[in-house]
């Protein structure tokens, strides 16, 4: 009984305090107090961390209330760069505003709006060219910085069953290196395709078994395949801190790294410049779409578990630069459409933000390819029971798509399934360019994000 009386007294005190506010002080109330009022008025429970709401104030607080609790929460929290999610019946959780994330309905509505901006090849090409120029500028790559004069650093070749591996480092900017592993067919006859294999934020990145399976199998099919580090991951950590990966220039350095890798690989005498592909998953999927949109040297793309109209990638390496603000606002589906009419396979699944690709994003892409009279050149493999990975079913789809368009044979076992059994999974240390302790890192290597930032802020090109 005493507790009930105390609760009533506190509730009345909060109500009286809110009633004492006027327009002279913008009806200003502490956010924590406003959340208490919302819980009491609507009979809900709101979960949040105190440090997220402490020392925050809401102007015109009670004027933001509506009959519907979720509209009220939206009105109140939007003023604080906060958002909410429903966690159960009459239960909500507050989180930081996720700038890269919309609702499924909002993504679909944006696609419909974007579709209204063009209706044929001419109008779409105009939009695409404007978008591309803006994206280069947004990345601070207009103009593209002059490439260092150094040659790639390459380790001795390791011979495997049907393929070889060598590790390689490219100087992307003065003192800034991107490392990777280069897989080649054991026997090269004539011109062969080139496949860039970036990857996302999965543990171990290019050292993972599934990344090695993918690159080695592509090499055994007859491709030159390269996996490479994203910024401030892998051997890039010899130069930068892991937290630097979540800074905006990560997006720029990764994109520039892909350009430098293409510059080198496409000058190899055995490289077929008419058969150049890129495929990555998750953050590597975002990278795949972006590089394809910006560089016509890419002739085929396979973005994996990342084409979404309502999710732009939550890492600054995917959305840290204002690329998605170009053209009055865009999304990953429209960026993927910039590949048209080059062959593109979109791989999606049922357990992440690509769950709606078959009914939303893929019909849009078919329409865009239809402008060129080639709707058959974009395909979707949707795996409704799978999640966010680059597993064997997704790799199988990649192999089949590349084999079809690059006129290669896939490697299958006696049961007709893709055979990756001849691939050697090497330990992480075998894939290093600069040694197990970074002892071979070049003397000119920079060692801070601030030095990198100065190359752009200071006008060094």
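The values are calculated or read from the model by the stated rules, or taken from the named source; none is laboratory data. Not measured: the values here are computed from a predicted model. Using ideal geometry, Cβ is built from the backbone for each residue, glycine included, and neighbour counts are taken over all protein chains shown.
Taking only pairs six or more apart or across chains, which ones have beta-carbon atoms under 7 Å, a first residue in the stretch 411-434 that is without any contact (Cβ under 8 Å) to a residue 60 or more places away in the chain, and a second residue that is surrounded by 15 or more Cβ atoms within 10 Å (Cβ to Cβ)?
412/418; 412/419; 413/419; 419/411
Among the residues in the stretch 262-271, are any more than 12 Å from the chain's Cα centre (by Cα) and over 27 Å from residue 442 (Cβ atoms)?
Step one: list which residues in the stretch 262-271 are more than 12 Å from the chain's Cα centre (by Cα), which gives 262-271.
Subsequent filtering for residues that are over 27 Å from residue 442 (Cβ atoms) retains 270.
Yes, the stretch 262-271 contains a residue that is more than 12 Å from the chain's Cα centre (by Cα) and over 27 Å from residue 442 (Cβ atoms).
Count, please, the residues in the stretch 367-377 that happen to be in a helix (DSSP H, G or I), touching a residue at least 12 places away in the same chain (Cβ under 8 Å) and out of contact with any strand residue (DSSP E or B) (no Cβ under 6 Å at 6 or more places or on another chain).
Residues meeting the conditions: 3.
When you look at residue 399, is it in contact with a helix residue (DSSP H, G or I) (Cβ under 6 Å, 6 or more places away or on another chain) and not in a loop (DSSP other than H, G, I, E, B), yes or no?
No: the conditions fail for residue 399.
Among residues belonging to the stretch 90-113 that are closer than 16 Å to residue 335 by Cβ and modelled with pLDDT of 90 or more, point out the one that is surrounded by the fewest Cβ atoms within 10 Å (Cβ to Cβ).
If we take residues in the stretch 90-113 being closer than 16 Å to residue 335 by Cβ and modelled with pLDDT of 90 or more, then 113 is surrounded by the fewest Cβ atoms within 10 Å (Cβ to Cβ).
Tell me which residues, restricted to the stretch 295-305, are touching a helix residue (DSSP H, G or I) at 6+ places or on another chain (Cβ under 6 Å), surrounded by fewer than 22 Cβ atoms within 10 Å (Cβ to Cβ) and touching a residue at least 40 places away in the same chain (Cβ under 8 Å).
Result: 298, single match.
Given the criteria in a loop (DSSP other than H, G, I, E, B) and at pLDDT 95 or above, does residue 140 qualify?
Yes; evaluated as a whole, the condition is true for this residue.
Which of the following residues is under 19 Å from residue 395 (Cα atoms) and surrounded by 21 or more Cβ atoms within 10 Å (Cβ to Cβ): 312, 308, 282?
Details: 312 fails: under 19 Å from residue 395 (Cα atoms); 308 fails: under 19 Å from residue 395 (Cα atoms).
Every option except 282 fails the conditions.
Could you list all residues from the stretch 69-94 that are free of Cβ contacts under 8 Å to residues at least 40 places away in the same chain, in contact with a helix residue (DSSP H, G or I) (Cβ under 9 Å, 6 or more places away or on another chain) and outside any helix (DSSP H, G or I)?
79, 82, 83, 84, 86
Kindly indicate which of 116, 123 is loosely packed, with under 12 Cβ neighbours inside 10 Å and over 28 Å from residue 232 (Cα atoms).
116
Can you find a residue in the stretch 80-89 that is out of contact with any strand residue (DSSP E or B) (no Cβ under 6 Å at 6 or more places or on another chain), buried (at least 17 other Cβ atoms within 10 Å of the Cβ) and farther than 27 Å from residue 306 by Cα?
Within the stretch 80-89, one or more residues are out of contact with any strand residue (DSSP E or B) (no Cβ under 6 Å at 6 or more places or on another chain), buried (at least 17 other Cβ atoms within 10 Å of the Cβ) and farther than 27 Å from residue 306 by Cα.
When you check residue 98 against the structure, is it in contact (Cβ under 8 Å) with a residue 12 or more places away in the chain and closer than 28 Å to residue 313 by Cβ, yes or no?
yes
Within the stretch 147-178, can you find the residues that are within 30 Å of residue 409 (Cβ to Cβ), in contact with a helix residue (DSSP H, G or I) (Cβ under 8 Å, 6 or more places away or on another chain) and either part of a strand (DSSP E or B) or not assigned by TED's automatic domain parsing to the domain that holds residue 420 (or both)?
Listed by number, the residues that qualify are 158, 163, 164, 165, 167.
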